[in-house]
2 protein chains.
Amino acid sequence: MTRKKYIEDLLKNVNAEDGDKILVETKTLKKEGVLMPHHQFSNEDIITIKLDNGYNVGLAVDNETKITLLEKHKVVEKNSKTIPFDKNKPTVSIIGTGGTIACYVDYRTGAVHPATNAEELAFSVPEIFDICNVKAYVAFQMFSENLEVNHWKTLANEVAKELNNGAQGVVIPHGTDTLGYTAAALSFMLKNLSGPVVLVGAQRSSDRPSSDAAQNLISAVTVAAKSDIGEIVVVMHGETSDKYNTIHRGVKVRKFHTSRRDAFKSVNEPPLGKIADGEIKIFEKYKKKTPGKVVVDDEMNEDVAMIYSYPGLKTEDISDKKGIILIGTGLGHVPEKVFTKIEKLIKKGTSIVMTSQCIFGRINMNVYSTGRDLIKIGIIPGEDMLPETAFVKLMWVLAHTNNNKEVSKLMLTNIAGEISDRSKNIDFL
Amino acid sequence: MTRKKYIEDLLKNVNAEDGDKILVETKTLKKEGVLMPHHQFSNEDIITIKLDNGYNVGLAVDNETKITLLEKHKVVEKNSKTIPFDKNKPTVSIIGTGGTIACYVDYRTGAVHPATNAEELAFSVPEIFDICNVKAYVAFQMFSENLEVNHWKTLANEVAKELNNGAQGVVIPHGTDTLGYTAAALSFMLKNLSGPVVLVGAQRSSDRPSSDAAQNLISAVTVAAKSDIGEIVVVMHGETSDKYNTIHRGVKVRKFHTSRRDAFKSVNEPPLGKIADGEIKIFEKYKKKTPGKVVVDDEMNEDVAMIYSYPGLKTEDISDKKGIILIGTGLGHVPEKVFTKIEKLIKKGTSIVMTSQCIFGRINMNVYSTGRDLIKIGIIPGEDMLPETAFVKLMWVLAHTNNNKEVSKLMLTNIAGEISDRSKNIDFL
């Protein structure tokens with residue numbers, strides 16, 4: 001018998017259903033709380049209960065665990081809610097992809113679920129109906145670390161369809177782990193945006209008192225409904241308090257903290273703007289939305305790797321790909337020991353782009369002779385692009401040309417705001 | 001004839017020597033200035049001249065380049081300087097390794113050279129003789145991206161020798177590219193420090209008006225001579241102005257900017273302290289220097305790689321090593337597609353440690369089921385260690401045990417301050 005079946009039987013034996021108050025006793029502890037539905041992101045042997053203090057705990061069940069039913073939940077009439085429509089308001093499309101922000105709190109039990117239809121997501125933050133009409137659906141439901149190029153393509157096409165069908169803007173709730181990569185990918189895949197495309201995530205799920213899910217979603221929807229931005233942007237908490245959200249350019253933002261709500265920061269340029277109390281303030285130049293059809297150009301060459309440089313990096317660690325993003329040290333260096341291998345790969349047709357593990361600042365391979373040697377070999381200096389953005393861009397560029405000179409030219413051309421103007425006065429840490 | 005020989009002949013023909021004023025004419029430009037000695041870090045085909053405005057320019061010489069001697073330099077009596085000694089002052093050992101900070105300005109020509117003996121380096125910043133006696137020598141002269149494990153071992157042994165021979169402290173001028181890696185390596189290799197060991201670098205060489213070399217070296221020597229720290233620390237500019245230098249713990253610091261002088265930041269804990277106007281202020285707890293012998297434990301297993309995770313990471317990108325540092329996403333994730341490969345490697349005896357490309361924050365693999373699955377497979381969660389520090393530590397740990405349980409235990413033990421206390425209130429970006 002699987003562990004899952006064992007737990008289901010255990011609960012059935014005492015007539016305990018989701019929403020009922022139960023007591024769980026194991027060898028080491030005794031906890032009472034409201035039984036939560038099984039979360040698809042939980043392990044099989046876990047029972048989750050909501051404690052009186054509002055927190056959920058997952059308890060591992062073994063063969064000696066005892067469950068007692070304390071109180072049946074009160075039956076609440078399930079509202080047959082429908083999304084309201086106001087013909088005077090713009091319509092924003094919300095395309096769910098999974099992640100912490102896509103987990104909604106069940107109105108009956110208070111449990112956290114991944115929203116399998118976007119109505120659930122939308123209804124978890126009903127404030128958004130005051131801002132606009134909402135058309136919501138789920139494209140896929142995944143941990144963002146598992147997303148791949150085909151998911152970016154799906155999203156690019158869904159976004160174009162929604163905008164071309166009259167949506168004012170699009171919001172994409174997304175797991176935060178690879179949100180920056182997706183934002184960059186969409187920035188290269190989509191042209192002539194007729195409305196804002198806003199990626200948004202949450203660092204803490206809706207059942208936690210410190211959740212950023214609701215405020216982030218409201219701010220994202222506001223930007224999608226009310227701004228005239230024609231770019232891919234990321235809207236996340238601007239600081240740990242709930243004072244404002246920050247609007248980042250999709251190609252210039254990355255996640256810098258594993259758990260803080262203000263984890264996302266723009267790199268090598270200031271954020272585009274912020275949003276506080278429903279008010280959008282834009283400080284930087286941006287591309288305005290354009291009338292007409294959104295165009296999708298989603299060809300990608302997936303044979304691209306990112307390689308982090310470190311002392312002792314060996315030639316065998318640099319594998320044979322169509323494209324490689326080196327995350328070098330300082331101004332753009334890797335150990336001289338691997339130069340010959342790099343030269344061999346470039347001669348065979350690999351395009352290699354240099355970025356820096358410093359993250360901030362610009363690649364400059366003309367300062368030291370080793371850098372100049374790498375340029376001679378044919379390495380493309382990645383300007384001030386984020387390694388992650390350069391990675392996605394190289395996939396896109398290599399799907400459009402095989403000629404190394406042309407690849408170099410495109411990589412050094414500012415296509416979606418990924419290369420900053422040298423004259424910009426840029427904040428740093 | 002090599003290009004180098006060609007240039008030497010060209011100069012000899014007009015009797016031009018280092019320090020002479022010359023005119024260089026190429027097809028496209030005409031520049032006059034003082035001929036600089038050939039810099040070992042320059043390419044062969046380059047002539048460097050110092051312009052009247054004080055800047056050096058490197059000019060590429062081809063077969064049509066014309067050189068005219070304008071003025072012979074005045075012969076200056078070469079001072080036979082000797083390093084002063086004051087028996088009332090402590091002695092600090094300076095061990096040169098190369099890098100921008102090790103370039104000194106020649107007192108005669110104003111040219112920038114790598115200091116091949118440390119007197120040159122010391123005399124380029126004579127202020128340090130007011131602070132202490134100086135014993136200076138060059139261990140090696142390299143671009144720091146080319147440093148390897150054997151260089152760390154050399155340094156560890158040199159440091160121990162100096163301290164055990166009575167030095168009050170040790171200063172190691174070092175290229176900034178991999179300065180953080182070396183600081184971490186020495187932190188694990190050296191025990192019972194009887195004095196401060198200070199790594200210091202410069203982002204801009206001494207011939208530039210904005211150079212940070214002198215101030216950084218003075219501050220580093222001050223910390224080595226006057227503090228009672230018994231740890232490996234890094235002393236660098238604290239902000240872009242010249243107001244103060246920051247003292248970072250060697251295992252918690254990394255380079256965050258390709259060119260700014262305040263590029264080094266402590267991660268997941270505040271810097272230990274700062275130094276302004278010669279005054280050292282320590283704010284954080286630190287290990288005090290101990291009497292007795294410094295012990296070197298420099299065994300390292302070099303079969304360790306760092307692998308950066310990204311969307312589409314393939315099993316073939318994870319190679320067979322004794323140790324792997326995964327630089328995962330978010331709280332410590334990699335695509336599920338590579339789980340089987342990871343499990344196979346761990347079963348075969350590879351130790352794999354999870355760190356995060358967020359850089360800031362702590363690994364927590366208990367929040368999502370995918371993280372828990374990785375823990376079950378046997379991945380070691382890297383707490384809040386920097387990926388670079390975890391990399392160096394894993395090399396060191398694997399040289400001391402082959403048992404995966406023991407490796408895990410050591411990786412999760414705070415050996416040199418590399419794992420921060422959870423209760424610390426930590427600054428972020």
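The values are calculated or read from the model by the stated rules, or taken from the named source; none is laboratory data. Model, not experiment: these values are computed from the prediction. We place every Cβ from the backbone using ideal geometry, glycine too, and count neighbours over all the protein chains shown.
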Point to revise | Pair list, Cβ under 6 Å, 6 or more apart: the range B:126-150 residue at the interface with chain A (Cβ under 10 Å from one of its Cβ atoms), other residue in a helix (DSSP H, G or I) and among the β-branched types (Val, Ile, Thr) | key: B:143/A:370
**Study point:** Failed item, numbered, when residue B:418 is tested on (1) surrounded by 21 or more Cβ atoms within 10 Å (Cβ to Cβ); (2) within 14 Å of another protein chain (Cβ to nearest Cβ)
**Key:** (2)
Review point. Counting only residues that are over 21 Å from residue B:174 (Cβ atoms) and surrounded by 24 or more Cβ atoms within 10 Å (Cβ to Cβ), how many does the range B:232-289 have?
Key: 0
Exercise for review: Among the candidates A:119, A:145, single out the residue that is crowded, with 17+ Cβ neighbours inside 10 Å and at pLDDT 90 or above.
Suggested key: A:145
Practice item. Test each condition in (1) farther than 16 Å from residue B:378 by Cα; (2) crowded, with 24+ Cβ neighbours inside 10 Å; (3) more than 10 Å from chain A (Cβ to nearest Cβ); (4) among the hydrophobic types (A, V, I, L, M, F, W, C) for residue B:295 and report the one that comes out false. Key: (2)
Exercise for review: Please give the number of the condition residue A:302 fails out of (1) surrounded by fewer than 23 Cβ atoms within 10 Å (Cβ to Cβ); (2) touching a residue at least 24 places away in the same chain (Cβ under 8 Å); (3) over 20 Å from the mean Cα position of the chain (by Cα).
Suggested key: (3)
Study note, to complete from the structure: When the range A:157-190 is checked residue by residue, the ones that are out of contact with any Phe, Trp or Tyr (no Cβ under 9 Å at 6 or more places or on another chain) and within 14 Å of chain B (Cβ to nearest Cβ) are A:174, A:183
Exercise for review: Kindly list, by first and then second residue, each pair from a residue in the range A:327-352 that is under 21 Å from residue A:406 (Cβ atoms) and away from every other protein chain (no Cβ under 14 Å) to a residue that is assigned to a loop (DSSP other than H, G, I, E, B) and not β-branched (Val, Ile, Thr), limited to pairs with Cβ atoms under 6 Å and residues at least 6 apart or on different chains.
Suggested key: A:346/A:378
Review point. Which of the residues spanning the range A:335-362 are under 26 Å from the mean Cα position of the chain (by Cα) and outside any strand (DSSP E or B)?
Key: A:357, A:358, A:359, A:361, A:362
Review point. Do we find a residue being surrounded by fewer than 20 Cβ atoms within 10 Å (Cβ to Cβ), modelled with pLDDT of 95 or more and over 22 Å from the mean Cα position of the chain (by Cα) anywhere in the range B:379-395?
Key: no
**Study point:** Verdict on residue A:331 being in contact with a Pro (Cβ under 6 Å, 6 or more places away or on another chain) and in a loop (DSSP other than H, G, I, E, B)
**Key:** no
Exercise for review: Output the residues belonging to the range B:383-422 that are farther than 17 Å from residue B:249 by Cβ and small (Gly, Ala, Ser).
Suggested key: B:399, B:408
Practice item. Exactly one condition in (1) in contact (Cβ under 8 Å) with a residue 40 or more places away in the chain; (2) crowded, with 23+ Cβ neighbours inside 10 Å; (3) hydrophobic (A, V, I, L, M, F, W, C); (4) within 9 Å of chain A (Cβ to nearest Cβ) is not met by residue B:429; state its number. Key: (2)
Practice item. Go through the range A:368-422 residue by residue and tally those that are charged (D, E, K, R) and not in a loop (DSSP other than H, G, I, E, B). Key: 8
Study note, to complete from the structure: Within the range A:238-268, residues being in contact with a helix residue (DSSP H, G or I) (Cβ under 7 Å, 6 or more places away or on another chain) and modelled with pLDDT under 95 number 1
Revision key, fill the gap. Sole miss for residue A:365 among (1) in a loop (DSSP other than H, G, I, E, B); (2) at the interface with another protein chain (Cβ under 8 Å from one of its Cβ atoms) is condition (2)
Practice item. Could you pull out every one of the strands (runs of 3 or more DSSP E) wholly within the range A:7-66 that has 1 or more residues that are surrounded by 15 or more Cβ atoms within 10 Å (Cβ to Cβ) and modelled with pLDDT under 85? Key: A:30-35, A:46-50, A:56-60
Study note, to complete from the structure: If we keep only residues of the range A:319-339 that are β-branched (Val, Ile, Thr) and more than 22 Å from residue B:175 (Cβ to Cβ), then the residue surrounded by the most Cβ atoms within 10 Å (Cβ to Cβ) is A:325
Practice item. Report yes if residue A:187 is hydroxyl-bearing (Ser, Thr, Tyr) and either in a strand (DSSP E or B) or more than 21 Å from residue B:367 (Cα to Cα) (or both), otherwise no. Key: yes
Point to revise | Boolean, residue B:228 is among the acidic types (Asp, Glu) and within 14 Å of another protein chain (Cβ to nearest Cβ) | key: no
Review point. In the range B:143-166, which residues are touching a strand residue (DSSP E or B) at 6+ places or on another chain (Cβ under 8 Å), in a helix (DSSP H, G or I) and farther than 17 Å from residue B:388 by Cβ?
Key: B:156, B:157, B:158, B:159, B:160, B:162, B:163
Exercise for review: Please state which one of A:253, A:234 is touching a residue at least 24 places away in the same chain (Cβ under 8 Å), within 14 Å of chain B (Cβ to nearest Cβ) and under 23 Å from residue A:414 (Cβ atoms).
Suggested key: A:253
Review point. Right, residue B:362: in contact (Cβ under 8 Å) with a residue 60 or more places away in the chain and surrounded by fewer than 22 Cβ atoms within 10 Å (Cβ to Cβ) or not?
Key: yes
